[in-house]
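Please treat every number below as a calculation from the coordinates, not as lab data. Not measured: the values here are computed from a predicted model. Because the Cβ atoms are built from the backbone with ideal geometry, glycine has one as well, and the counts that use them run over all protein chains shown.
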Amino acid sequence: MNKQANTDSATTVQEENMLELYNISTHNIHYILHNLFRGLKPIRRKYKLTINEIIFLNGIYLYCRHVSTCISQDACLKFISYYNLNKVKYYISSLLNKSMIQVAEVIKGYNRYRFTPLGLSVINDISGNFNCCLYNWYNKFNIVL
């Protein structure tokens, strides 16, 4: 009998927790995360980039827009702060090879990078494709923000 009471109590608590889930407010970030890969798929195909390369390129864009027009390897490591030094080196090399960024200047032996016109095209396309993807998804599920 005690075991059954504990089971019923646990079930009630689980059901109450599930009901609370539907009372949590949904923010734009939830919609964006859900649609992230859908929205970036055309960019990945068009420019032959990985999701991580796009995220890294976006980090460079934000740095160049808000901090400085060029970015160093160390600044990538600190500003993007998601990748370790080996990954930062890898993505800088990869984006250089794909002509998304270029060396803008060398200061005290350290390269500083900036966007190429192709890299800027990627950034512009991200906004357009992602906004279109979100718009279509919102309409599909009748979501009004």
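On the basis of the beta-carbon distance and an R0 of 30 Å, S25 and S68 show a calculated FRET efficiency of 0.25.
Can you sort C64, C132 from fewest to most other Cβ atoms within 10 Å of each residue's own Cβ? Kindly include the intermediate steps, with their values, before the conclusion.
Working: C64 21, C132 12.
Ascending Cβ contact count within 10 Å gives the list C132, C64.
For S72, the amide hydrogen comes within under 5 Å of the amide hydrogens of Y113, counting only partners 5 or more places away or on other chains and with H modelled in the peptide plane.
Given an 8 Å cut-off on Cα distances and at least 6 residues of separation, report the relative contact order of the range 61-142 as a percent.
24 percent
The calculated FRET efficiency for the pair K78 and I32, based on their C-beta separation and a Förster distance of 25 Å, comes to about 0.55.
Here the simple spin-label model places points 7 Å from the Cα toward Cβ, and for I143 and K46 these points are separated by 2.2 nm. The percentage of C-alpha pairs in the range 31-80 whose separation is greater than 13 Å is 61%. Converting phi to 3J(HN,Hα) with the Karplus coefficients 6.51, -1.76 and 1.60 and the offset θ = phi - 60°, the range 61-66 yields 4, 5, 4, 5, 7, 10 Hz in sequence order, with x at every glycine or proline. Compactness of the range 26-140 was expressed as the Cα radius of gyration divided by 2.2 N^0.38 Å, which yields 1.12.
Pairs to check: K41/K140; K46/K78; K46/K140. Give those whose C-alpha atoms are more than 23 Å from each other in this structure. Checking Cα-Cα distances, K46/K78; K46/K140 exceed 23 Å.
Once both labels are positioned 7 Å from their Cα atoms along Cα-to-Cβ, the gap between Y90 and N111 label points is 1.7 nm.
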